[in-house]
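Structure first, then comments.
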Amino acid sequence: MGAQIRVYRQKIASTSSMKKIFKAMELIATSRIGKARSRAQAASPYAEAITRAVSAVASQNDIEHVLTQKADAPKRAAVLIMTSDRGLAGAYSTNVLKRAESLTARLKEDGIEVRPYLYGRKAQAFYDFRDREYDKVWTGQTDAPAVERGREIGQTLVERFTQPTEEGGVDELYLVYTQFKSMVSQEPVVQRLLPLAVVAKEAESAEEFLPQYDFEPSAEEVLDELLPKYIESKIFAAMLEASASELAARQRAMKSAADNADELIRKYTLLRNNARQAEITQELTELIAGADALASS
């Protein structure tokens with residue numbers, strides 16, 4: 001019986017230690033969510049401005065550009081999958097990978113070859129474990145992305161898109177990431193980045209009319225400069241959304257883990273007290289039996 005009590009004491013001690021780790025990680029994630037959301041919100045005006053500029057150039061001019069031309073029969077697509085570097089974030093990375101698997105299956109049904117590009121160690125581990133091929137992987141600081149990393153990813157994918165299909169180029173570019181909606185809601189989404197779909201719509205107010213531009217030396221050269229920057233801004237904005245979502249998921253997962261640790265501690269404490277009470281009862285029974293035996297003799 002004493003050994004059983006020692007086992008429960010050890011379980012209580014180990015669970016208490018794990019609870020401290022969970023609480024520390026929850027506090028760290030909570031303290032960093034605010035900064036991640038601020039970065040995502042600060043990046044949105046630039047992304048919106050460059051989107052309006054690209055839409056104005058493409059919609060006001062009958063321009064055929066490599067980044068806006070849709071292939072008649074797409075043969076190959078690049079898919080950028082954004083996960084986390086570390087675990088302990090609940091189903092954050094798993095949900096993104098499931099969304100990517102669904103997209104991959106749909107593209108293959110249409111006869112399109114999929115070339116994965118991975119962002120985050122969890123995506124790399126997923127593909128390595130299944131012995132699947134991928135073209136390139138970027139890891140490090142998924143919860144605090146750098147502008148240089150977003151620029152590098154954007155340049156790599158734009159370069160791949162502009163290559164001829166016969167030389168290994170792709171006809172389409174998709175992005176799979178987690179969109180931050182609120183502290184309790186983050187949704188994995190699929191976004192097609194290329195070819196760029198520019199849809200002219202009627203403005204509902206004067207503020208929504210796209211401005212008229214004069215282009216020097218030409219609208220084509222303006223698009224040559226704007227579209228790569230547009231892709232880079234969209235990818236970096238998605239990285240910021242994903243980082244905020246990752247931190248929110250980790251904060252929620254660590255809070256749940258700490259609550260579960262509290263429940264385990266209460267359970268083990270009750271079992272330890274029951275074992276101690278049973279041990280005391282057994283000792284009292286033995287003492288009374290001994291005393292009765294002495295009295296009867």
Calculated from the structure, Rg and Dmax of the Cα atoms in Å equals which of (1) 29.1, 119; (2) 29.9, 97; (3) 23.8, 98? (1)
Could you derive backbone 3J(HN,Hα) for the stretch 248-259 from the dihedral phi with the Karplus parameters 6.51, -1.76 and 1.60 (θ = phi - 60°), listing whole Hz in sequence and x where the residue is Gly or Pro? 5, 5, 5, 4, 5, 5, 5, 5, 5, 5, 5, 5
Treating only Lys and Arg (+1) and Asp and Glu (-1) as charged, each at its beta carbon, one finds that the chain has a dipole about its Cα centre, in Debye to the nearest 20, of 2140 debye
Out of residues 5 or more away from VAL114 or on other chains, whose amide H comes under 5 Å of its own, with H placed 1.01 Å from N in the peptide plane? ALA77
What residues qualify as long-range amide H neighbours of LYS136, i.e. H under 5 Å apart, gap of 5 or more or another chain, H built at 1.01 Å from N? LEU118
Distribution output for the stretch 1-155: share of Cα-Cα pairs per 5 Å bin in percent, first bin at 0, values 1, 7, 10, 13, 14, 14, 13, 9, 6, 4, 3, 2, 2, 1, 1, 0, 0, 0
Just how far, in whole angstrom, is the stretch 266-280 from the stretch 16-33 if you go by their alpha carbon centroids? 29 Å
Just list whichever of LYS75/LYS136; LYS234/LYS255; LYS35/LYS234 have alpha carbons separated by over 21 Å in the model shown. LYS234/LYS255
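Restricting to DSSP H runs of at least four residues, report the calculated mean residue ellipticity at 222 nm for the chain, -39500 (n - 2.57) per run over all residues, nearest 500 deg cm²/dmol.
Calculated at 222 nm, the ellipticity per residue is -22000 deg cm²/dmol.
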How many percent of DSSP beta bridges within the chain run antiparallel, rounded to 5? 40 percent
Kindly write out, for the stretch 232-240 in residue order, the coupling ³J(HN,Hα) from the Karplus curve 6.51 cos²θ - 1.76 cosθ + 1.60 (θ = phi - 60°), rounded to whole Hz, with x marking Gly and Pro. 4, 5, 5, 5, 5, 4, 5, 4, 5
Out of residues 5 or more away from TYR174 or on other chains, whose amide H comes under 5 Å of its own, with H placed 1.01 Å from N in the peptide plane? ALA78, VAL79, LEU80, LEU193
Table column - 3J(HN,Hα) (Hz), the stretch 275-287, Karplus curve with 6.51, -1.76, 1.60, x for Gly and Pro: 5, 5, 5, 5, 5, 5, 4, 5, 5, 5, 4, 5, 5
Rounded if a/c is under 1.5, else prolate if a/b is larger than b/c, else oblate: which is the stretch 112-163, with a ≥ b ≥ c the root eigenvalues of its Cα gyration tensor? oblate
So what is the diffusion coefficient of the stretch 64-146 in µm² per second by Stokes-Einstein at 20 °C and 1.002 mPa s, using a Kirkwood Rh over Cα pairs? 153 µm²/s
Leaving ligands, DNA and RNA out of it, report the carbon-plus-sulfur percent of the accessible area of the chain at a 1.4 Å probe. 51 percent
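The values are calculated or read from the model by the stated rules, or taken from the named source; none is laboratory data. The model shown is predicted, which means the values in this text are computed figures rather than measured ones. Virtual Cβ from ideal backbone geometry, glycine too; neighbours counted across all protein chains shown. Side chains are part of the model used for accessible areas, which takes the heavy atoms of the whole protein and leaves out ligands, DNA and RNA. Shrake-Rupley method; radii C 1.70, N 1.55, O 1.52, S 1.80 Å.
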